[in-house]
């Protein structure tokens, strides 16, 4: 059983996803148990595989025992293992949380929700662990299609924004597939390790440059890198609270991981046209960080503010990618982890407040700290981490990004990171002020003072508190995380 | 000139099809037309792969008696990859048509300007 761990990460959620609607017909409680088991199995397998990769070196798993480059292989190296652990962990946490939203629904809607959610999980996990660029495209489409479905289940406005997301997302996927076509035409191979070897003598050719740009544009659309972020704000604002924490937390990050994988591992950051392409990415990302932060300040809807902040935070990852040195890489990967956890936590909080009060507008958050103390505590940690106040996790990833920028003498990026932290502070302190300092109107106040019920059901409160704690834990344990895992993940570092 | 027709022309045509997609998605106001443009773009990528697999004088990749050597057969791999891509594009089309049906039922229109007006009411 143990030698099959890399396959189990993906196959268990995929299989349960297919069974979900059928199981839901017989018993929704059984469905919930099965769904949680699937997410837990894939989390445990991911942890096991990461442990193996850290102690014994990268794990190459040949599917159906077909040796690469002919067969499809799964590769668990420290980077993909870490991403798989992150994705499966957040999937499990958000799955625990969804129950309260789904309990009132009929068996069919529950079954379909679980099916789409587990398919999304399987697709994203597949993207992280696969070692084959076309297989990655297939998993990309599996995850995207299920995300369209999940977003569309949030009502009519969500359906319109999901349709827009379908159009834009498919353009992204087509660009990516065309890029893969170029790589295949140039090298005759689709296996990542094989591509790395075969591309080395060809990196000065313009065909490789075109492939690079096509893949960058495709994944840039999918990860909402400014100015390709048009689909994101509406999709995040209208989608149902049961699904959006996972989509917002993980999806764009996995796409960013794919870009890191291409530029740091397949092309190599110092070869041929890569530095040129990366420089363009850096400037675009820097511009995106500032503009999206300013847009976030202008929003009155809490979820929409978080959506624009997502665009800005993806810019940080792009910035780390563009630096192309070790600190930049560590900063980018660290920020992928941090931002996945904090954005997931903040959207869980938004869903919790919606569940309790039915409100999403920031002005309705008055005196929320007394109504929902634990939830708002988690929100406070998430907000501090977004701004970058130590010892929360967000500070350390920004720290490594700044170190990377200084190493390359790009002081303007240091200015951008600090300026955007200030902008982050402005829009998060606006919410903090509402929640902690403002007094609620008298009529509303009487309502919640008499309300003796707990702030949220345990299945919602526990995930929120766990993720809030994670932000602190990742921040405090940053040193072992960086030196034991992230340095190993850097190409050529560690093993 | 001969080289253009035997080698490059197909790629220019594919490029034209590929760019037709974004053009239609940006400038057409009807959502179904946007969807069709999206599908044209996917088809362009599929054709690109198929053109890669083609070989002058090659035959279908089934082992024929007496015909030995890779130069006599076209490359089957792009075709198998594109079978998967066709399935993906079919699924995308199905999902987006489903979304459009819902939109049509609720708002009664698929023209973008009218839709935005009715959504904001």
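Ignore the peptide's own chain and count Cβ atoms of other chains within 10 Å of each Cβ in A:173-183; give me the average, rounded.
That average works out to 5.
Over all residues in A:26-35, what is the mean tally of Cβ atoms on other chains that come within 10 Å of each residue's Cβ? If you can, show how the numbers build up before the last one.
Details: counts 0, 0, 0, 0, 0, 0, 0, 0, 0, 0.
What the average comes to for A:26-35 is 0.
At 7 Å along the Cα-to-beta-carbon direction for both residue A:443 and residue A:429, put a label point, then send me their distance in nm to one decimal.
About 3.3 nm separates the two model spin labels.
Return the single residue from B:91, B:44, B:70 with maximal mean-square fluctuation; model: Gaussian network over chain B, springs between Cα atoms under 10 Å.
Residue with maximal mean-square fluctuation among B:91, B:44, B:70: B:70.
With a ≥ b ≥ c the root eigenvalues of the C-alpha gyration tensor of segment A:116-211, is it rounded (a/c under 1.5), prolate (a/b larger than b/c) or oblate?
Working: a/c = 4.64, a/b = 2.05, b/c = 2.26.
It comes out oblate by the Cα gyration axes.
Going by the alpha-carbon gyration tensor, a ≥ b ≥ c the square roots of its eigenvalues, is chain B rounded (a/c under 1.5) or, if a/c is not under 1.5, prolate (a/b greater than b/c) versus oblate?
Values: a/c = 6.36, a/b = 2.30, b/c = 2.76.
Oblate is the answer for chain B, as a/c is 1.5 or above yet b/c matches or exceeds a/b.
Rounded, prolate or oblate: which one fits segment A:402-479, using the alpha carbon gyration tensor with axes a ≥ b ≥ c (rounded when a/c is under 1.5, else prolate when a/b beats b/c, else oblate)?
Details: a/c = 5.64, a/b = 1.86, b/c = 3.04.
Note, shape of segment A:402-479 comes out oblate.
What ranking do A:392-400, A:22-30, A:262-270 get when scored by the average of other Cβ atoms within 10 Å per residue, highest first?
On the way: A:392-400: 24.7, A:22-30: 14.6, A:262-270: 19.4.
Packing proxy ranking, top to bottom: A:392-400, A:262-270, A:22-30.
Do the sum for chain B: with -39,500 (n - 2.57) for every DSSP H run of n ≥ 4, divided by all residues, what is the mean residue ellipticity at 222 nm, to the nearest 500 deg cm²/dmol?
The helix contribution divided over chain B gives -23000 deg cm²/dmol.
Sort A:355, B:12, A:70, A:231 by Cβ crowding within 10 Å, fewest neighbours at the top. Show your work: numbers first, answer last.
Working: A:355 17, B:12 10, A:70 13, A:231 22.
Lowest to highest Cβ neighbour count: B:12, A:70, A:355, A:231.
Taking the alpha-carbon centroid of each part, what is the distance from segment A:22-70 to segment A:380-457 in angstrom?
Taking the Cα centre of segment A:380-457 as reference, the centre of segment A:22-70 is 35 Å away.
For B:8, A:52, A:60, A:339, what's the fewest-to-most ordering of other Cβ within 10 Å of each Cβ? Can you show the working numbers first?
Details: B:8 10, A:52 18, A:60 15, A:339 28.
So the residues, fewest neighbours to most, are B:8, A:60, A:52, A:339.
Taking beta carbons within 10 Å but only from partner chains, what does the mean come to for residues B:99-110? Write out the running numbers ahead of the final one.
Numbers: counts 13, 4, 1, 8, 7, 0, 2, 5, 3, 0, 0, 1.
Average neighbour count from other chains, rounded to a whole number: 4.
To make sure I understand, if each residue's beta carbon is the centre and we count other beta carbons within 10 Å, what order do A:411, A:283 fall in, fewest to most? Display every interim value, and only then the final one.
Numbers: A:411 11, A:283 15.
Listed from fewest to most nearby Cβ atoms, that is A:411, A:283.
Just so you know, all these numbers are worked out from the coordinates, no wet-lab data involved. Everything numeric in this text was worked out from a predicted model, so none of it was measured. Here Cβ is always computed from backbone atoms with ideal geometry, including for glycine, and neighbour counts include all displayed protein chains.
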